[in-house]
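Structure first, commentary second.
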Amino acid sequence: MTTLPAASADALAISQSLVHAIQAEIRQRGGWMPFSRYMELALYAPGLGYYVAGSRKLGAAGDFTTAPEMSALFGRALARQLAELLPQTANILYEFGAGTGKLAIDILGELQALDALPERYCIVDLSPDLIERQQHNIRQALPHLAERVQWLDQLPEQLDGVIIGNEVLDAMPCELIHWTPEPQQRGVGLDGERFVWADRAIEDPQLLQLAQAIQPRHDDYVSEISPANIGFLHTLARKLARGAVLLLDYGFPAAEYYHPQRHMGTLIGHYRHHTVDDPFFLPGLMDLTCHVDFSAVAQAGIDAGLDLIGYTTQAQFLINAGITQLLEQLDPADAAGYLPHAAAVQKLLSPSEMGELFKAIGFGKNISIDWSGFLRGDRCYTL
């Protein structure tokens, strides 16, 4: 930890206030809270959590970089897929977790070029800081389209449109399970003022059923289960009268997710472009994520009545959607304009970078099942 960048005094004060709030809730709960609640507070506690306290999260000065920040070609390629889907709906686009607004800007710009603009572009985000940045950035980049963009604090009762989410599922609070070999729920307790791990019997029937269905071939195994991911898919399915859901994130099918060699799980922290194994490090100043179990996500969508359209790697989806053709449209002689995009596309597609670890999964209801993004290289058979 000594090699990590130092936090400012103001940032440390926010983190310390959050620590005190979490400690107080643990004591109020009798000395223990589920890890999912700790993660929820660390990320979303009002005024103190990582996503709501105003720290810079994305880009070189933040804690991590997402695909839209790397190159506009990412959003432009997604827009080509969206242009096929929007006319089959009420022509409304919903984006969850819009970051700085960069993805929205790139998608809207490409959809305009394709003469396929949505009637409305609705953003659902939990971070007041990021919403403010989204509004500013969209007004600056697309002043003539800004009136089409709306921010929602809750979803309408019925959805008729296309829903997209890039790196949304991994940011939802997850449960930690410790198989020994019987499953126990891992939570957070206190040793004096320090946060410590503490396991308890699983009391929630749904969580117990999910944990018992997983049988890791390892005597001492810790990993994650995300009822929040499942609930999110169920909510979208219940509200979606017609349309599509496209989600991109990093993760694996269940057979890889719960592989014996991955016996310490996938939970990780991101702090100033460093990965941190200790989730108790500077709460509120560090992002916490876990990889996505795409088998569970697929099953949740199917169980809720959605059609599973496709599942493939990010690289294959972007290639199918035309990202290499978009790169070819740039002039290689313009080194300053071409090379950053070429380097970004290489990272987005490379199996050793983001191309293989990141996946795309699509669901539909009352629309065509033929999506260009899943035309080649579909991997639903691995789920």
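Matching residues to (1) open to solvent by less than 20 Å² (accessible area, probe 1.4 Å); (2) modelled with pLDDT under 95; (3) under 26 Å from Met172 (Cβ atoms):
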{"position": "Thr2", "(1), (2), (3)": "no, yes, no"}
{"position": "His20", "(1), (2), (3)": "no, no, yes"}
{"position": "Gln28", "(1), (2), (3)": "no, no, yes"}
{"position": "Trp32", "(1), (2), (3)": "no, no, yes"}
{"position": "Arg37", "(1), (2), (3)": "no, no, yes"}
{"position": "Tyr50", "(1), (2), (3)": "yes, yes, yes"}
{"position": "Glu69", "(1), (2), (3)": "no, yes, yes"}
{"position": "Ala79", "(1), (2), (3)": "yes, no, yes"}
{"position": "Gln88", "(1), (2), (3)": "no, no, no"}
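Limited to segment 95-110, what total is found for residues that are farther than 13 Å from Asp125 by Cα and in contact with a strand residue (DSSP E or B) (Cβ under 7 Å, 6 or more places away or on another chain)?
The first filter runs over segment 95-110 and keeps only residues farther than 13 Å from Asp125 by Cα, leaving 102-103, 105-110.
Checking which are in contact with a strand residue (DSSP E or B) (Cβ under 7 Å, 6 or more places away or on another chain) leaves us with 103, 108.
The number of residues fulfilling the criteria is 2.
For Ala171, all conditions in the list (1) over 22 Å from Leu126 (Cβ atoms); (2) in contact with a Phe, Trp or Tyr (Cβ under 9 Å, 6 or more places away or on another chain) hold save one; what is the number of the exception?
(1)
Among the residues of segment 233-247, how many are open to solvent by 20 Å² or more (accessible area, probe 1.4 Å) and not charged (D, E, K, R)?
Here the count works out to 3.
What single numbered condition from (1) in a loop (DSSP other than H, G, I, E, B); (2) at pLDDT 95 or above; (3) not hydrophobic (A, V, I, L, M, F, W, C) fails to hold for Gln135?
Of the numbered conditions (1) in a loop (DSSP other than H, G, I, E, B); (2) at pLDDT 95 or above; (3) not hydrophobic (A, V, I, L, M, F, W, C), the odd one out for Gln135 is (1).
Name the pairs: first residue in segment 140-151 and at pLDDT 95 or above, second residue of a type in the set (Ser, Thr, Tyr) and not in a loop (DSSP other than H, G, I, E, B), Cβ to Cβ under 7 Å, at least 6 apart or on different chains?
Final answer for the pair search is Arg148/Tyr121; Val149/Tyr121.
Scan segment 250-264 residue by residue and report those that are surrounded by 15 or more Cβ atoms within 10 Å (Cβ to Cβ) and not hydroxyl-bearing (Ser, Thr, Tyr).
The initial filter retains those residues of segment 250-264 that are surrounded by 15 or more Cβ atoms within 10 Å (Cβ to Cβ), namely 250-254, 256-258, 262-263.
Selection gives Gly251, Phe252, Pro253, Ala254, Glu256, Arg262, His263.
Is it true that Gly75 is under 27 Å from Gly49 (Cα atoms) and buried (at least 22 other Cβ atoms within 10 Å of the Cβ)?
On the way: under 27 Å from Gly49 (Cα atoms): no; buried (at least 22 other Cβ atoms within 10 Å of the Cβ): yes.
Spelling it out, it is not the case that Gly75 is under 27 Å from Gly49 (Cα atoms) and buried (at least 22 other Cβ atoms within 10 Å of the Cβ).
Filter segment 235-287 for residues that are assigned to a helix (DSSP H, G or I) and out of contact with any helix residue (DSSP H, G or I) (no Cβ under 9 Å at 6 or more places or on another chain); which is farthest from Leu383 (Cα to Cα)?
Narrowing segment 235-287 to residues assigned to a helix (DSSP H, G or I): 235-239, 254-257.
Adding the requirement that they be out of contact with any helix residue (DSSP H, G or I) (no Cβ under 9 Å at 6 or more places or on another chain) leaves 235, 238-239.
On the way: Thr235: 22, Arg238: 23, Lys239: 25 Å.
Here the answer is Lys239.
Among (1) outside any helix (DSSP H, G or I); (2) modelled with pLDDT of 95 or more, which single condition is Phe232 missing?
So the condition that Phe232 fails would be (1).
Filter segment 265-284 down to the residues that are surrounded by fewer than 21 Cβ atoms within 10 Å (Cβ to Cβ) and on the phi > 0 side of the Ramachandran plot, then identify the one that is modelled with the highest pLDDT.
For segment 265-284, the residue satisfying everything is Gly265.
Just to be sure before I move on: is Leu233 touching a strand residue (DSSP E or B) at 6+ places or on another chain (Cβ under 7 Å) and within 20 Å of Thr89 (Cβ to Cβ) in the structure I sent? Write out each step before concluding.
Values: touching a strand residue (DSSP E or B) at 6+ places or on another chain (Cβ under 7 Å): no; within 20 Å of Thr89 (Cβ to Cβ): yes.
Criteria not met by Leu233.
The values are calculated or read from the model by the stated rules, or taken from the named source; none is laboratory data. In this text the structure is predicted, and so the values were computed from the model without any measurement. Note that each Cβ is placed from the backbone with ideal geometry, even for glycine, and that neighbours are counted across all protein chains shown. Please note that ligands, DNA and RNA were not included when accessible areas were found on the heavy atoms of the full protein model with its side chains. Shrake-Rupley method; radii C 1.70, N 1.55, O 1.52, S 1.80 Å.
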